[in-house]
1. Any residue that is modelled with pLDDT under 80, among the β-branched types (Val, Ile, Thr) and either open to solvent by 80 Å² or more (accessible area, probe 1.4 Å) or under 30 Å from Leu70 (Cβ atoms) (or both) - is there at least one of those in region 423-435?
2. Across region 384-422, what is the number of residues that are open to solvent by 70 Å² or more (accessible area, probe 1.4 Å) and in a helix (DSSP H, G or I)?
3. Give the residue that is most open to solvent (accessible area, probe 1.4 Å), with candidates limited to residues of region 140-191 that are in a strand (DSSP E or B) and among the basic types (Lys, Arg).
4. Looking at region 192-225 only, could you name the residues that are in contact (Cβ under 8 Å) with a residue 24 or more places away in the chain, open to solvent by 70 Å² or more (accessible area, probe 1.4 Å) and under 16 Å from Gln143 (Cβ atoms)?
5. Condition first: crowded, with 19+ Cβ neighbours inside 10 Å and either of a type in the set (Lys, Arg) or in a strand (DSSP E or B) (or both). Can you find one or more residues in region 91-111 that meet it?
6. Determine the pairs where a residue that is among the aliphatic types (A, V, I, L, M), located within region 146-161, has a partner that is in a helix (DSSP H, G or I) with Cβ atoms under 6 Å apart, the partner being 6 or more residues away or on another chain.
Amino acid sequence: MAAVMNRVETAPAARRLRPAVMVRLSTIWEAFRVAASSLRQNKLRTSLTLIGIIVGVTAVIAVVTIIKGLDQTVAQTFSSQGSTVFTISKKPRVITSREEFIKLNKRKSITEEDAEAIFRLCTVCWRTGVAANGGVSVKHGNQKKDNVALRAIAPTAMFEMDGVTIDAGRFWSETEGASAHEVTVVGSDIVTDLFPNQSAEQVVGQDLWAGGRPYRIVGVLQPLGKIFGFARDNRIFIPFATYKKNFGLNVSRSAFSGFGAVVVFIQTQNASQLEGAEDQVRAIMRNRRGKTFNDTDDGFTLETEDVLLNFYSSATSNIYLVTIGVAAISLVVGGIVVMNIMLVSVTERTKEIGIRKAVGARQKDIRTQFLIEAVMVTAIGGVFGVLTGFGVAWLIALLIGFPLLFSIGSAVLGVSVSSIVGVISGLWPAWRAAKLDPIEALRAE
């Protein structure tokens, strides 16, 4: 019985509440219509108001979109060897000072004997390999190409550790590599530049000259594309034994250029074994270098791909900070412009405000009206800024050549931040408009 009485009592209250809500929604909708009409009547003023907001949002959206695309490209590039590979080298790939370079250059070079010792003594290591890099000019017939990256590797498992795959032909065999055969696997740029109008399949079996020696092409690699403007397909692979025979491991030259320096690659069967393998390899190499517990410098560098990813992340984080600063300045300027425009609007519409108050408009209604106008103009600026930002990012990506990641979250953030700027900028003009005396307002001309 009590439950029935409660339903009977609450039903009229609910019916009374619905008209109140409908009236409130109708009032807000009417405020939006008036705001839109006011913006349409002052197109030039509205356009000038939008500029500051659009510039700030465009800067944020463009940079966030570009960096997200770069993040994906860089992560895929640096992680091509996977999370189970690390390297032993004389010097790190990233050196930040001249003093550090001089200090590290005094270390002993990495040798094939180091790689053999690691493979023999490391119980957790699955595969090891060696690599040396250089630069050569290559030619075929009348076609010549300078500054081609040369990479010498052994064994053939290094192809898999390097994260490259065959497009046509094959990798050389272990026998060919150990016997120092003059064979090569080339990148797609070599095919395009030295063998015009020929497919990758047609190139296999032909010869090219590199460093004054002929090499038979046994395979062509799948294209990798560019990153930061650098071509990753402008290179050739040859066996490590062939490199030693034809070029030699020039230690004095590698001291400054890095060409010819031996790098040892180690791979574990799964990521969980990586830390244990690193500890074992570090102990093996320190022992070979005669290091004691008191020696802080290992005498070599152990690196994973995380080194380059962390370096890249630290660089892009600074770009983010600068962009946020530029965007913040633009949005502050835009907010000041919005506030000034809204104050001018209050002055121009003083009589309108007086009439509205005379027919029953409350201070809350006037405040709502001007706040909606401020938020509407900044939200429109945010939408245009998002579209412009995506357009700028797309154009830059097209010119540089990397994928774009359009983020709904960044678009929502851009519009939301611009709307918040509108609320903050519209508070003072809305308060002034609401505080106007209706009699004095009606007298205004």
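The values are calculated or read from the model by the stated rules, or taken from the named source; none is laboratory data. This structure is a prediction, so every number in the text was calculated from the model and none was measured. Methodologically, a virtual Cβ is constructed for each residue, glycine included, from the backbone with ideal geometry; neighbour enumeration extends over all protein chains shown. Heavy atoms of the whole protein, side chains included, go into the accessibility calculation; ligands, DNA and RNA do not. Shrake-Rupley method; radii C 1.70, N 1.55, O 1.52, S 1.80 Å.
1. Checked against the condition, which is being modelled with pLDDT under 80, among the β-branched types (Val, Ile, Thr) and either open to solvent by 80 Å² or more (accessible area, probe 1.4 Å) or under 30 Å from Leu70 (Cβ atoms) (or both), region 423-435 yields no hits at all.
2. Looking only at region 384-422, we keep the residues that are open to solvent by 70 Å² or more (accessible area, probe 1.4 Å), and these are 384, 387, 394-395, 398-400, 406, 408, 412-413, 420.
Checking the rest, the ones that are also in a helix (DSSP H, G or I) come to 384, 387, 394-395, 398-400, 408, 412-413, 420.
Total satisfying the criteria: 11.
3. Our first condition is that a residue be in a strand (DSSP E or B); within region 140-191, this holds for 140, 143-154, 166-169, 183-186.
Okay, now just the ones that are also among the basic types (Lys, Arg), so 144-145, 151.
On the way: Lys144: 138, Lys145: 40, Arg151: 31 Å².
Across region 140-191, the extreme among qualifying residues is Lys144.
4. Asp207, Trp209
5. Looking for residues that are crowded, with 19+ Cβ neighbours inside 10 Å and either of a type in the set (Lys, Arg) or in a strand (DSSP E or B) (or both), one finds at least one in region 91-111, hence yes.
6. Ala152/Phe240; Ala152/Tyr243; Ile153/Phe240; Ala154/Gly177; Ala154/Phe240
Quick grid of which residues meet (1) open to solvent by less than 60 Å² (accessible area, probe 1.4 Å); (2) of a type in the set (Ser, Thr, Tyr); (3) over 10 Å from Pro429 (Cα atoms); (4) touching a residue at least 40 places away in the same chain (Cβ under 8 Å):
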{"site": "Ile336", "(1), (2), (3), (4)": "no, no, yes, yes"}
{"site": "Met342", "(1), (2), (3), (4)": "yes, no, no, yes"}
{"site": "Thr350", "(1), (2), (3), (4)": "yes, yes, yes, yes"}
{"site": "Lys357", "(1), (2), (3), (4)": "yes, no, yes, yes"}
{"site": "Gly360", "(1), (2), (3), (4)": "yes, no, yes, no"}
{"site": "Gln363", "(1), (2), (3), (4)": "no, no, yes, yes"}
{"site": "Gln369", "(1), (2), (3), (4)": "yes, no, yes, yes"}
{"site": "Ile372", "(1), (2), (3), (4)": "yes, no, yes, yes"}
